[in-house]
Structures are given as C-alpha cells and as structure tokens.
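Report on the following structure.
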Amino acid sequence: MELTFEWLPELRNYSRRRRNPTVTGERISTASGRIRRVHGIFREEEWYRVRAVSLTSLAEQAGDVGLFSYVSSKKEMEEKIMMNYKKYQKQYFMPPVPCYDWVKKDSIDHAPVWCSVDLRDGNQALVIPMDLDTKIEFFKLLCKVGFKEIEVGFPAASETEYVFLRRLIEENLIPDDVTVQVLTQAREHIIRKTFQALEGCKNAIVHVYNSTSFAQRQQVFKKDKEEIKRIAVEGAELLQKLTEEENESYRFEYSPESFTGTEPEYALEVCNAVLDVWKPTADRKAIINLPSTVELSMPHVYASQVEYMSKTLKYRDNVVLSLHPHNDRGCGVSDAELGVLAGADRVEGTLFGNGERTGNVDIITLAMNLYMQGVNPEMNFDNMKDLVDRYEEYTGMQVGPRTPAARLCLRHSPVRTRMPSQRECTGEKNTIRITGLFPTCLSILPISEEATTRMSSALTVSPERVASAMCWRHIMI
C-alpha cells in the first residue's frame, strides 16, 4: 500500500473527526515532514506522492494508534497504489501484415537526410527559451555543423517565432544550400499566417500536421476517421492553393501526429489522401513524416510500422519518408536506426537529444554511430568541444558525462590508454600518452600523496587505481 494523491483529503477528513484534530494533524505533519526531508521533497502538496512510504508507515511514525487502525482496516486501499500496472495496456497497433524485411539488414550503408528541430522542439523544451539573437546564433551553428534542412519554428505560434523567421529572410542569413522548415497545424488561419511569415523565402518546407491517433480521435477531438482525414486533406489543399497563388515552389511535408498510436492502415489512408492532393514529382518530392510523438513500443514495432508505410505509400519514388523519434522509453536512437533500415530516408532530431519530455532523438549519436562503422555521416563534428560549449551556452543545458559519442570524443579514448602511476600523479604535471582515434586532454593536475593515501584508505582498491581515478577526475573538471 503506497501513498497516492487521493489519500490526502481522506487523512484530513479523518483528522477532523478526531476529538483532538489539532494533535493528530501535528503528528501527521511532523511525520510527513521527516519523510519529505528524507526523500528531498519539500513542497507540502507533494509529500503524499512519495511512493516508498505507505500509509501504515505514516501512521506509525505519527504515533497515532487510531489512525493506524483506521488505515489498516480499509481493504480497498490495496487498489489505490501508484504503481497499479493493471490500469495500463498497449497503446500501439501492429501493421495488418508482417513487415520484417528490415531484420535482414545488419547496418545502415549511407546517411539519411538530417533535419534539425533544435529551434522548435528543442527550444520549446527549455526552461528559459532562447531569445531572438541567441536563436540566430544557434541557426548559424546548425548551418556550420552541416544541416541542410532546419526547422526554424512555428511562425504563427508567437511574435518571437514570426520575427525570427522574418529576420532570417530579410537579413539574408539563410545559405543558398539550406532549406528552412516551418510548422503549422492543419487550420486555415494558422496556415495563412505561416505563409505571410515565409514571404521572400527562397527555399522552404511547409510542414502541416494533425493528430490521427485512436486516443486523440476518441478523447480530444471526438471525431471519426473520416472527419480527421478531412482535416488533413483540407490543410493539404490550402498549402497547395497558397503556394500556387504566390507563385512559389515550396516543398510540403505532412505528419500524422501521434503516428505510433494510430492504426497503421488508417495512417496510410490519411497520408495517401494527402499525397493525392499534392501529386509529388521527382523534381518536387513530398515528405511524409512518421513521428513517434510519444514513444509507445519497442523499436522493432516502430520499424515494422515504418516498413509497412514505406511499402504501401502511393507515389513512393517521389516521397521522402521521414522519422521524428522521441525518447520516452529511452529508445530514440534505436527507433531511428531501425526505422532507416525499414526504409526511411530522413530523420528529424536535435543536438544531444534536447526536446520535449525525455527529448528528441540525438542526431550526433546517430551520425557518430555511422562514422564508427565507416559510413560518412555528412556532418561536421571536427570541433566537438566548441560544439558542446556553444550548445550549452545557447540552451542553458549541459551535455552529460555519459552522453555517447560527444563525450567520447572530448575526454576519453575508445582504446586502451597508458595511465600514469601513483608516483607520476604526485609529481609535476605529466602527459597521458594516448593511442587512438580521438584526442584527449594532455595534462593532469598534481595530486598530493596525502590526498592519494586518504582516498585509498576509504576505498577497497589499490592506491594506483585511486590515483588514476583522481587524475581523470581533475581532467574532467
């Protein structure tokens, strides 16, 4: 039996029924205060969320026999636990036919098209979103890294987003070989505002979306399949109409939002209806993007869904099949890699996996995974340290010490190193000899024998190993 949100009013009601509710309330408050301190939770309204503490334990700590009996006697408490797994079920749908050809491939043999969504998904996930000047500097950094497609935001969502795109266009900051991408819901006034923001842009992708998942059809929009498909088709028609009226050659992208929670055959029906409007050609391909808006399954399920779409989409030769993986289950990189094996041509993601909730897929990890297998990632990571420093400066985020690839390049060697001995650590500054692909820091700080001895006495490892560990600690600092 564990504490849940529902129990707080019940405990308060019980306290009021006591002859001396003040005393009971103080006891409960004292006990809960101890629990909060132990678990590092200091907000009054959150102490009952601590899963490790049961109601009976709380009653015992409060020293209230009556409360203990009251809590213990309620049989229905067994159903009111936070980790009630029975209330959940699978929320994804398998393709109507087996789709496992991707299993026959053991690796990716060429890089997909990369699209950065750092300025949209990444920016909206920050505690303090980037200001206008910072976003412009970040855009320049993304161009320098080698992105040829960059989603610059949702221009109709706010004045900042709108002005940002206008500055990129009016100040001629978009390189000729870079295409900016703008996001819009499939709603007329939002689409029209988006086209106003694009005026004068040479190369643009207009990305329109609407949600198609079973849950959102039932619970959010309360519309049937035909009504949801009509929203997508009308949005596609308006994109086509406005582009023709302005005599532009914008490319189009469509996303069935929450694709991973949509029946694959229905997602296919909607996407094909959109493609019938656009009628993509070889010189003006359309993009169909399959977002794992919320990651709901193991990666092989997503790969099978992607393969099904790749095999059954209309105009397939003139369609760029794109992925937009999130990392809710910690499998964003796996989703992307297996999705590419399953037929995807393009991946949308962010530097170091920044993004909503647990983040978008980390494009740097994906690119370096290709690099380590002899495949050109078509990205420029020659100066990873500068990239990390500028990313942290612009976003206020930190690249973690266990982030794959990036930290490996910065401070570790993937091959055996010759570590200095204890005596070398306690002397003057020395160098660590490295043999491998990546450069590592060349100097270490002197460490006293006293510090080494103190550390070694506190740990069950050899002094030499302690000295080496402390050297690395100073290097990381």
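Residues that are touching a helix residue (DSSP H, G or I) at 6+ places or on another chain (Cβ under 8 Å), open to solvent by 70 Å² or more (accessible area, probe 1.4 Å) and part of a loop (DSSP other than H, G, I, E, B): does the stretch 186-197 have at least one? Checking the stretch 186-197: at least one residue is touching a helix residue (DSSP H, G or I) at 6+ places or on another chain (Cβ under 8 Å), open to solvent by 70 Å² or more (accessible area, probe 1.4 Å) and part of a loop (DSSP other than H, G, I, E, B).
Test Tyr209 against the criterion of being closer than 30 Å to Tyr92 by Cα and touching a residue at least 24 places away in the same chain (Cβ under 8 Å), and give yes or no. Full working, then the answer.
Numbers: closer than 30 Å to Tyr92 by Cα: yes; touching a residue at least 24 places away in the same chain (Cβ under 8 Å): yes.
Here the answer is yes, as Tyr209 does meet what is asked.
Scanning the stretch 299-354 for residues that are open to solvent by less than 10 Å² (accessible area, probe 1.4 Å) and charged (D, E, K, R) returns Glu307, Asp335, Arg346, Glu348. Restricting the stretch 356-393 to residues that are open to solvent by 30 Å² or more (accessible area, probe 1.4 Å), modelled with pLDDT of 90 or more and assigned to a helix (DSSP H, G or I) leaves a set whose member that is farthest from Ser258 (Cα to Cα) is Asp386. In the set (1) on the phi > 0 side of the Ramachandran plot; (2) open to solvent by 70 Å² or more (accessible area, probe 1.4 Å), the condition left unmet by Gly153 is number (2). Looking only at residues in the stretch 253-279 that are open to solvent by 10 Å² or more (accessible area, probe 1.4 Å) and outside any helix (DSSP H, G or I), the one that is nearest to Leu242 (Cα to Cα) is Lys279.
Only residues that are part of a strand (DSSP E or B) and in contact with a Cys (Cβ under 9 Å, 6 or more places away or on another chain) were counted across the stretch 320-355, and they come to 7.
Is the stretch 232-245 home to any residue that is assigned to a strand (DSSP E or B) and either surrounded by 13 or more Cβ atoms within 10 Å (Cβ to Cβ) or in contact with a Cys (Cβ under 9 Å, 6 or more places away or on another chain) (or both)? No - not one qualifying residue is present in the stretch 232-245.
Just one residue in the set Val320, Val301, Val375 is within 21 Å of the chain's Cα centre (by Cα) and among the β-branched types (Val, Ile, Thr); that residue is Val301.
Here Asn172 meets the list (1) open to solvent by 20 Å² or more (accessible area, probe 1.4 Å); (2) part of a helix (DSSP H, G or I) almost entirely, failing just condition (2).
Quick one: in the stretch 280-298, of everything that is more than 21 Å from Asp317 (Cβ to Cβ) and among the polar types (S, T, N, Q), which residue is most open to solvent (accessible area, probe 1.4 Å)? Lay out the reasoning, then the answer.
Residues of the stretch 280-298 more than 21 Å from Asp317 (Cβ to Cβ): 291-298.
Filter again for among the polar types (S, T, N, Q), leaving 292-293, 297.
Details: Ser292: 1, Thr293: 30, Ser297: 8 Å².
Only one residue tops the list, namely Thr293.
The values are calculated or read from the model by the stated rules, or taken from the named source; none is laboratory data. As the structure is a computational prediction, the values presented were derived from the model and not from experiment. With ideal geometry, Cβ positions are generated from the backbone for all residues, glycine too; neighbour counts draw on all protein chains shown. These accessible areas exclude ligands, DNA and RNA; they are computed on the full protein's heavy atoms, side chains included. Shrake-Rupley method; radii C 1.70, N 1.55, O 1.52, S 1.80 Å.
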